[in-house]
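The values are calculated or read from the model by the stated rules, or taken from the named source; none is laboratory data. Just so you know, these numbers come straight off a predicted model, no measurement behind them. Note that each Cβ is placed from the backbone with ideal geometry, even for glycine, and that neighbours are counted across all protein chains shown. These accessible areas exclude ligands, DNA and RNA; they are computed on the full protein's heavy atoms, side chains included. Shrake-Rupley method; radii C 1.70, N 1.55, O 1.52, S 1.80 Å.
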Amino acid sequence: MDQIEVFEFDSGKEGEHLLVLGAIHGDEICGPQAIKEIIDDIENNRLKIEKGRVTFIPVCNPEAYKQNQRYIDRNLNRYFFPKDKIEVYEDGLTNQICPYLKNSDVLLDLHSYKSGGPAFVFIEKPEGDELAFANALYPEFIVYGWSDSYKNLTEDEKKMGIGDTDYMREQGGVGITYECGQHLDPQSPVNARRAIENAMTYLEIAEFEKHTQRENRHPKLIKVMHPIMKPKEGRFAKNWKNFEFVEKGTLFGTFEDGEEVRILEDGVLILPKESSSVGSEWSYLGKVGS
């Protein structure tokens with residue numbers, strides 16, 4: 001089993017403990033790039049930890065990262081809780097990462113996505129400390145309601161919906177997922193670094209130049225209504241884009257056996273991915289301004 005590489009920096013002064021994760025999915029490289037830049041700045045005295053602590057795990061899925069693929073056996077950001085029995089490669093990684101979540105106050109999990117588009121944040125509820133933290137990162141969109149969107153699914157599907165931010169909340173901490181943009185977009189590592197800088201500034205862990213923030217941005221809120229599952233092989237009806245509006249009854253995709261998948265209510269698509277594996281989410285459907 002690969003051992004994850006962890007970097008910890010402590011100011012010696014009381015304050016928040018921030019945990020920053022990269023490459024939960026091995027083909028999402030913007031997080032590791034930005035995290036390694038920040039680590040280099042700290043280690044070479046270009047950046048000082050003023051208050052509290054920060055822990056970085058640049059690459060959470062080492063083998064998938066080496067192979068530039070999403071995961072080895074199973075999506076690391078599903079079934080994310082300690083395992084008594086290691087059944088797949090990612091189970092061992094989950095058991096290594098969970099203690100760091102339990103011992104931190106705030107989680108910033110850096111991701112990117114295939115379909116491309118603006119940077120946005122996943123939170124659980126649009127209120128309290130989590131919303132304040134999300135707003136401090138200045139994304140274009142804030143998406144919420146991930147866990148609630150699984151409430152009408154089977155027990156196994158509900159467990160599948162448990163990610164690292166869900167586990168973080170169970171431990172009493174604040175956790176958000178920051179989607180930095182398209183996997184290979186050169187702007188994505190820039191967005192990832194800005195997210196780290198803004199997080200550390202907001203938590204008073206370090207001080208950065210004012211230009212790293214975007215004070216005039218007012219993110220749009222989008223509520224996740226439900227996932228669109230992919231129980232068998234199929235194809236999209238068109239090349240769907242992230243946050244694209246769809247009307248009720250629109251043909252979303254067709255399975256190989258000819259069965260059609262239609263949109264159940266007006267909304268916007270969130271993270272549509274035609275190549276999703278069978279048994280996982282094909283996309284999510286959300287509502288703007290909910």
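Computed quantities for the displayed model
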| read-out | value |
| --- | --- |
| Within the accessible area of segment 52-159 (1.4 Å probe), percent carbon and sulfur | 45 percent |
| Using θ = phi - 60° and Karplus 6.51 cos²θ - 1.76 cosθ + 1.60, couplings along segment 14-27 (whole Hz; Gly, Pro as x) | 4, x, 6, 10, 9, 10, 10, 10, x, 6, 4, 10, x, 8 |
| Within-14-Å neighbourhood charge of HIS25 [Cβ basis; K, R +1; D, E -1] | -3 |
| Charge-dipole axis of the chain as Lys and Arg at +1 and Asp and Glu at -1 on Cβ define it, positive-most pick from TYR65, PHE243, ILE176 | PHE243 |
| Check: segment 1-84 dipole with +1 on Lys, Arg Cβ and -1 on Asp, Glu Cβ, in debye | 180 debye |
| Lys, Arg +1 and Asp, Glu -1 on Cβ, resulting dipole of the chain about Cα centre, debye, nearest 20 | 560 debye |
| Karplus-derived HN-Hα couplings along segment 35-50 (A = 6.51, B = -1.76, C = 1.60, θ = phi - 60°), whole Hz, x at Gly and Pro | 4, 5, 5, 5, 4, 4, 5, 5, 5, 9, 6, 8, 9, 10, 7, 8 |
| Value of [θ]222 nm, deg cm²/dmol, for the chain, DSSP H segments ≥ 4, -39500 (n - 2.57) each, nearest 500 | -7500 deg cm²/dmol |
| Placed amide H near ASP27: partners under 5 Å, 5+ positions off or other chain | GLN69, ARG70 |
| Convex hull volume of the chain per residue (C-alpha atoms, cubic angstrom) | 132 Å³ |
| Residues of the chain: accessible area per residue with a 1.4 Å probe, Å² | 46 Å² |
| Proximal charge balance of GLY234 [Cβ under 14 Å; K/R count +1, D/E count -1] | -1 |
| Amide H contacts of GLY175 (H built 1.01 Å from N, under 5 Å, at least 5 apart or other chain) | LEU107 |
| Integer Hz, Karplus 6.51/-1.76/1.60 couplings in order for segment 167-178, x for Gly and Pro | 5, 4, 5, 4, 8, x, x, 9, x, 9, 9, 10 |
| Rounded to the nearest 20 debye, dipole of segment 1-160 from Cβ charges on Lys, Arg, Asp, Glu | 120 debye |
| Proximal charge balance of GLU127 [Cβ under 14 Å; K/R count +1, D/E count -1] | -1 |
| Cα lying deepest toward the dipole's positive end in the chain, options ILE196, LEU131, PHE252, charges on Cβ | PHE252 |
| Cut-off under 5 Å, modelled amide H: who pairs with LEU47 long-range | ILE42 |
